Every structure is written in C-alpha cells, then in structure tokens.
Amino acid sequence: MEPYIPHTDQDLKEMLETIDVENVESLFSTIPSEKVINSIDLPNGMDEFNVLSKLRKMALTNASADKYAFFIGGGIYNHVIPSAVNQIASRGDFYTAYTPYQAEVSQGTLQSLFEFQTMICEITGMGIANASMYDGASSLAEAVLMASRYTQKYRMLVADTIHPEYIETVKTYVAGPKIEIEKISHDSDGKISLKDLKSKIDDKTSCVVVQYPNFYGVIEDLKSIRGISKDVILIVVSNPISLGILEAPGKLGADVVVGDGQTLGISMNFGGPSFGFFAIREDTKFVRTMPGRIIGETVDVDGKRGFVMTLQAREQHIRREKATSNICSNHALGTLYASIYLSLVGPKGLKEIGELNISKSHYLLKRLEKTGHFVRAFSGEFFNEFVVKTDLDISKMKKVLFKNGIIGPLDLSKANDSMKGHVLFCATESNTSEEIEKLISVLEVM
Amino acid sequence: MELIFEISTAGRRGFIPPKLDVDSYNLSDEFKRAVPPKLPELTEGDVVRHYTNLSRLNYAVDIGFYPLGSCTMKYNPKLNESAAAFDGFSKIHPYQDENTVQGALELMYNLQEALKIMSGMDAMTLQPAAGAHGEYTGVAVIRAYHEHKKDFERDEMIIPDSAHGTNPATATMNGYKAIEIKSDKNGMVDIDELKKIVNPHTAGIMLTNPNTLGLFDENVLQISKIIHDAGGLLYYDGANFNAIMGKARPGDLGFDVVHFNLHKTFSTPHGMGGPGAGPIGVKKFLESFLPVPTVGKKDEKYFLDYSHKNTIGRVRSFYGNFSVLVRAYAYILTMGGDGLKRASEMAVLNANYLRAKISKTLEVPYDTKPCMHEFVATTEPLLGYGVKALDFVKRMLDYGVHPPTVYFPLIVHEDLMIEPTETESKMTLDKFVEIVEKIAKEAKENPKLLQEAPHITPVRRLDDVRAAKQLILRWK
C-alpha cells in the first residue's frame, strides 16, 4: 500500500456500499469503453530508501557548488544564503498552503507578501509592486504587454545588451498581440547606443527596455536613457542584489522595474524556480493594467488590520478573456525566501554584499588581465560580471578548469558571432580569494 | 500581528556577510545609491520569530483537510523535499557544461518519458512554470502550427463554460477570440451548439476533462471529430488529470496538446500560490513547434535539444522549475505505475463517497452518473434563510477545515466545488460531512452565526471593498 493513500480494505468496502456500486472500476463508466486502459507502463512503486538512493546517485553525478568553485553568472548566481532562509521557508504551514483565497486563514501568506511588496518597492525605488511572477524573463514579457495595453502602441525598442533568453521570451509573448520589436545596438563601453535609441524612438513606440546591470555586466546610464525616452514607458530589468550599492532604477526614471529574484536567498536550482518581481511607479491608473496578484491592507469587521488580495478585477478568474494576464499560480514561495533574506541582511548587509561583489569582480578582472590571456571587452563600469576576450581555446580552458574543481565562465561565442572568443566571468561574495588564486594559477600555465 | 518593519530597530544585524579578502574597489559616486532601502534591521532570532509566527496564521495541507475543487490539494510527501534539497540538484547552474549535469538532465529526460507514457503524447517540454503558463505555451504551439500552414484565418478558440478559469485569458494572450460554449443539461459540451459554432475560423478547443463539474465528458470522441473535421486542434487542460491516471490517456482521446500541473497531480507543494510546473505534451506533428530546449538522449548521453525547427521560442529563462520537477519525479518513482493508477481510483472513490454523503444535506446537481475526482454541491436553498455560499464556507473556517472552491464553475449558483483527493481517509471525510451537516443546521436555526462567520480565526471577515478603494499596497 502506498504511504500516501490511507484506504484500508474495510474502508473500501464501506465506501462502495455507501455509493452503492460494486467496485471502483464502475465509477469510471463515463469514459468511452474502447479508450479505457488498465495500467500505466511504468515500473512499480519503490520504498523511500530506494527512491532516495536512486535520486542521490543522480544528484552526485552533477558538479555542484558544494564541491566546485563557480565563476559563472548570466542570470543565475551562486550567492551566500543565510541558513535561516531555508529553515524558515521549509515550514509546512508556508509551503503546503494554497493561494490565499480564504484570507482569514491565510494572513501569514498575505502579510508576508505585503511585506515583500514593500521590500521590492524599497530596493527598486518604485511605488507599487505585485506579489510575484514566474521569473525575470516572463516578468519582462508581461511588462512589455502591459506597456502596449496602456499606451495602445505596438512597437517596442529593446537593448541588445539584454539577456538573450529574456529577448527570446519577449519575442514569443509579442507574437499574439503582434507587437513589433526593434533592437538598440550598444557602444564600445558596453552600454546601449544613445544615438541609436534617439533615432529609433517615434510616436508609435510603446516602451524602451534596458537591463541594469546589463547582460554583459555593464551598468547602463539610465538617466540619459530616460532623458531621450520621453513619452514612452521605460522598462528596466534589474538584478536586485546589485541595488544595495547601485542607485535605484526608480530614482533614475524607470516606469517599470522587473527582474529575477534568485539572487535574494534562492539556490541556483539549475535555473528554477526563483521568482519574477514586477514593480511600477505609483500611479493608480497604471496599476489597473498590471498583471499578477496584488496584496492590499484593510481591516476586518472588528477593525483589526488584515491583508487581502486586491484589485482582482484585473485578473483572469474575474475578468476572464479581458484580464490583464492569464497568470494564476505565481512564485509566492520564492518571495518568502527573498523576504526572509532581505530581513536578515538588512540595509547595511545588502550594501556590504554589493561592495563585496564589486570588489571581487574587479579584483578578478585585474588578475585575469595579468595572465596575458584576457582583455576587457567593454570599458563601461560593471557590477559582478564582465566580458573579456581571450586567446585561449574556450572549451579547452573550461575543461582544464573543471579538472581543477572550477566551473569556468560563460562562453559567449555561441550566443552571437560578434562575441567569438569572448567569455562572461562572474564573481560574488561566495568566491574566496583562494578560489580566485586557484583559477588564476590554472590559467597562468595555459 | 506587527509588520516586520514595525519591529525593526536601527543598528541590529541578522546576517554578517563574509569578510572582504581581496582589494577593495571604490565605485564612483555617480553610480552609488544615495539613500539606502528601508529594509528591516533585526537579529536572526527576531526574523525567525516573525516568520514562524506568521506561518502559524496560515492554514495548509500539513495542518488539515483542504478540499479546494480543481486545485488537487493532496498531501505533499516529505521525501520529495529531501530529494530537491540534494546539493547535486539545488546547487547547480543552468549554464554549466552538459557533461557536468548529466544527472539533472537524466532526471528531466526520465520525467518527460514518464509523462509521455501517462498521457499518450509523443513529445514533451518541461519549461512552463505553472498551469496557466502551460496553457499559454500549448495554445502558442497551436497558433504556430496554423500559421506554419499559412492558415491565418483561424482566430477563434472555443472554451466550454465548465472549463478552467484561466482558459479565456490564455486564448486572448495568444491573440485569439475566446468563444464560450454552453454546457447541456447533463453538464457536457452541447454537441449541437458545437456543430453550429465551428467554422473556418476555429483554431481549436480547450477542454477540461473531467470538467469543473467533476464530470467526464462522454462525448469527447465526438467533440474531437467535430473540431478536427473543422481543421482545429484539441487542447487538454490537465488540471484535472488526477482523475484519470491509468484509466485513460488524453492522447488516445484525440487531444493534440496537453498540459500537466505537477503541483496538483504529482504532489509538489503549492507554496502559498506557487511555484508549480506546467509541462506540456504534444503529438508528433507538433513536436517541431515546442519551446526550446527540451532534453534529448543520444548514445547514453543527455543533452539540451535546440533542434525544434518551428519552435515558438522560449516562454521563460532556462529549462523550467527544475526543483519542482525533482519532486514530481520522486513522486512518480515512489508511486510507480500501479500506485499512480490507485491514486486516481481512490481520488474518484473519495469524491463519489463524499458526494453520496453530502447529497443528504446539500443539493448536488448533475448526480445521475458517477463523478470523477470532484463534484459540485449548492447551498442555493439556504438563500431563503439569508445564507449565501460564502457564509456557509466562512463558517467552515471556525470548524478548522479549509473550504471548497466557491462560486465556480459559474454555471451552478451558490456552488461549492469539492475535491477531496486520494490522500484523505474515510475518517477525515466523515468528519467533514458532520461539519457540513452541523453548518446546514445552523443556517436554518441561527443564520447570523454563518453571516458573521468566521469567529475564531486570526482575523475575521475582511473588507475587500475598502482594500480596493483605499489602496494600501505597501508599508510606509
């Protein structure tokens, strides 16, 4: 008997009698008989010990960050996660709860989401945040759809310094509403070309999308971009862990800030799940075009403070085909990780972590340049990752590094032809000086 | 309870980052943040207590019965959590070389294969992050297929009124007009109506089967023929797949695209609303339209397959909600083919048992044939006492159970949609029936008790109107 199914033979007998049928099979009589199957062609069930042994074996064949030093980023990063994050988020009363449809017995979820919305507003410098989307890429896609919905314009400009997978996701999403995408090129500093941007903005443009820091690690000049992008919606994709040290996009003129929350206390998980965050400037008209769940404060019949899902008239279960999005399940649990993380590190910790990242990455660049094999590709200031051109055979280099316990940088050659011979290195607070020395010592002799 | 910001005390720390062990870099002021974010300042102990106390305000599957219709709130096994936490699964990066993550790719490949077998589909992607995301992906595949055939006229997606709530919005996001079709008196798609509705503009139909009334649409083969003859495709909303594992396969019933909710049928936790995972499966002729990458296998090596030549592109970054996939795969291994079939059998048994018992107290429409994994009851007769369905379920909170879904599907008034799942015992179901009987009695004797319910929850009924009018969406 399966450990999750409680029915005894006696239960079965009594239940069938109550329903007044002879056997369980007869309950499936509405399925066309010629299509009924009687088994699933999968092996029989296994006990817990053997399931975990099998899975542990699979897990052990992967090179994980508990054994290897990681110098790879590009959207997912190896950061230090305080123990308390996983410990608290693993409480069953959080992770086995459903969407807070019954607010009276979901105040833990609702208050934590309300606090999360506040924290996202604080770090991004925005006025309103929702209770999460799936990930950074899909958040961006939804932001683009929202911009067209709001402006009723169907042409968008996107920086070519945005994460390529984010652009691919946007391309998929704009196919339905038929929004035209135009790319903005970048200059030798790795920032978008303001000249190109200026020449392409017109009165049909709904939005301009940039990433801060961008895919190449470079910190875009949001102020100048805002200056040029006057009557369009400025959407900024951001890495939240950088915002303890970098100026908040909201302070630099962003209308919408989206991004992936993985860096805020969530394991790399082979790329998912994390969560997407979605914040906008304070605007009561704008918020009504926003996708996703939003938590609001209110009072109960006794006047006691409480929290509910609000502005639900935007959502699919009420508005049906006229909803702002079809999103239903979001990534609430990911927001809990982020909230706990941000509560633990606080304003001071987030700044220190930013400083650690920027110091380590700049130190790493300096040491790489000294080996004679690497030249910085872009002159623009960067946060915790940067692009270098190398004279080494990249796949060979990565193989040698791997033999020495190191997961090397991201090879950009595959992404696009102009990036041949380029790699994206990343260093975070989790990379010790020992790891950096080890990396350099291996590269020096190549 | 106080907000975390209200207990913040300037100067406290909850975490000390590692010491800087390389040269310090001085970022130029032009990039620097001027004002630090107002995040809480607390010790680790403060933070742990705050969140622990918050968690105690929640109801959850770990606490008790959660018969929320169409949400499949089955028990979430703990071994799944152990497996997902293995370093080799949680601490790996999506851009590592394929040969350094063979175990992860193998797991994904095996899961794809298992889902193919269970659904009767030919190809699978694990990329979508939720059920609605799977719907979005599946309908995008249908659109890409029509457009690939230069068939640009098809701009209508048919959706029964008993389908899942997300379906119409999914159609719209894909640029389709959502065409609603009414159910007939038996709760099935009205076949005569369907024949009238289909036309050269029909792109397809999104069918939830069993539907949200908990009924298996017996005309499914006929529906399939009508849609296919009109040149459309059949989409299977797999949110209710927990009813038919080992009993029927959407692929055999004529469906071209199917999505699964791993967070429903395959026991992964709902996480207060997510993350889930919504893999989709398609028939061979649609394989080339799937999002990239999927996971392939060649010469005993697993690889990320980017070769789908008509791909719709990506629907998100990376490969899917991997740690959710680990949990679902662990569940499939534990249950096995035999156990999964038994899960569906017991889910359907539980629903029919509960229906039989509850029908003595509440009205149960559409009860001439067995239901599948869920059923709909109505409290409409209690309106005479001034008691609405909402009042009825709010009173359940006082008795310590989570209410069923209310006011959905829209075709039954004052309805409760009840899905017990297979992980609940007869004892739990009997206790629930007692609660329903008690509340029904209260409704007649003391309706105020229900109208003002709940009474003993952490907060009582909340003012939704005020929340939407005086928008307070963050602490200040």
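Computed from the coordinates by the stated procedures, all read-outs in this text should not be read as laboratory data. Only a predicted model underlies this, so the values are computations on that prediction, with no experimental measurement involved. Every residue, glycine as well, gets a Cβ built from its backbone with ideal geometry; the counts of neighbours run over all protein chains shown.
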Handout entry: Paramagnetic reach from B:Asp155 in the stretch B:228-250 [backbone N under 15 Å; point 7 Å along Cα→Cβ]
Key = none
Practice task
Output the antiparallel fraction of DSSP beta bridges having both residues in chain A, as a percent to the nearest 5.
Solution key: 55
Exercise for the section: Please express the shape of the stretch A:1-109 as an equivalent ellipsoid: the semi-axes are the square roots of 5 times the eigenvalues of the C-alpha gyration tensor, given largest first in whole angstrom. Expected result: 42, 25, 16
Practice task
Would you calculate, for chain A, the mean residue ellipticity at 222 nm contributed by helices, counting each DSSP H stretch of 4 or more residues as -39,500 (n - 2.57) and dividing by all residues, to the nearest 500?
Solution key: -11000 deg cm²/dmol
Completion exercise
Gyration tensor (Cα only) of the protein assembly as shown to equivalent ellipsoid, semi-axes in Å sorted down, yields 44, 30, 28
Practice task
Would you compute the Debye intensity of the stretch A:9-52 from its alpha-carbon atoms alone, equal scatterers and no solvent, and pass along log10 I(q)/I(0) at q = 0.14, 0.22, 0.25, 0.27 Å⁻¹ to two decimals?
Solution key: -0.60, -0.85, -0.88, -0.92
Completion exercise
Filtered hits (aspartates and glutamates, Cα-Cα < 12 Å from B:Lys301, offset >= 8 within chain) -> B:Glu98, B:Glu106
Fill in the blank from the handout: Sorted largest first, the Cα spans of chain B on the principal axes come out in Å as 76, 63, 45
Handout entry: Over the stretch B:11-146, equivalent-ellipsoid semi-axes from the Cα gyration tensor in Å
Key = 39, 27, 19
Fill in the blank from the handout: Cα convex hull volume per residue for chain A, in Å³, equals 209
Problem - FRET E, pair A:Glu14, B:Asn199, Förster distance 41 Å, beta-carbon r, rounded to 0.05 - result: 0.20
Practice task
Within the stretch B:455-476, which residues have the backbone N less than 19 Å from the label spot 7 Å out from A:Ile318 along Cα→beta-carbon, could you tell me?
Solution key: B:461-474
Practice task
Write down the percent of antiparallel bridges among all DSSP beta bridges whose residues are both part of the stretch A:83-340, to the nearest 5.
Solution key: 45
Exercise for the section: Run through the DSSP bridge list for the protein assembly as shown and note the antiparallel percent, rounded to the nearest 5. Expected result: 55
Exercise for the section: For the stretch B:79-334, list log₁₀ I(q)/I(0) at each q in 0.16, 0.17 Å⁻¹, using the Debye formula over Cα point scatterers of equal strength and ignoring solvent, two decimals each. Expected result: -1.14, -1.27
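Enter the mean number of other protein chain beta carbons within 10 Å of the beta carbon of each residue in B:344-357, as an integer. Could you put the intermediate results ahead of the total?
Details: counts 3, 8, 9, 1, 3, 10, 5, 2, 9, 9, 3, 2, 6, 3.
Taking the mean over all residues of the peptide, I get 5.
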Completion exercise
Looking only at lysines whose Cα falls under 17 Å of B:Lys264's and that sit 8 or more positions away or on another chain, we get B:Lys74, B:Lys78, B:Lys341
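Using the Kirkwood formula over every pair of different C-alpha atoms, what hydrodynamic radius in Å results for the stretch B:69-146?
Numbers: mean 1/r = 0.0654 Å⁻¹.
After inverting the mean inverse Cα-Cα distance, the result is 15.3 Å.
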Handout entry: Ellipticity estimate at 222 nm from DSSP helix runs (n ≥ 4, -39,500 (n - 2.57)) divided over chain B, nearest 500
Key = -10500 deg cm²/dmol
Handout entry: Cα-based Rg and Dmax for the stretch A:305-446, where Dmax is the largest Cα-Cα distance (Å)
Key = 21.6, 65
Problem - Mean Cβ count within 10 Å, highest first, over the residues of peptides B:67-79, B:403-415, A:409-421 - result: B:67-79, B:403-415, A:409-421
Practice task
Express in whole angstrom the spacing between the alpha-carbon centres of the stretch B:404-476 and the stretch B:222-284.
Solution key: 29
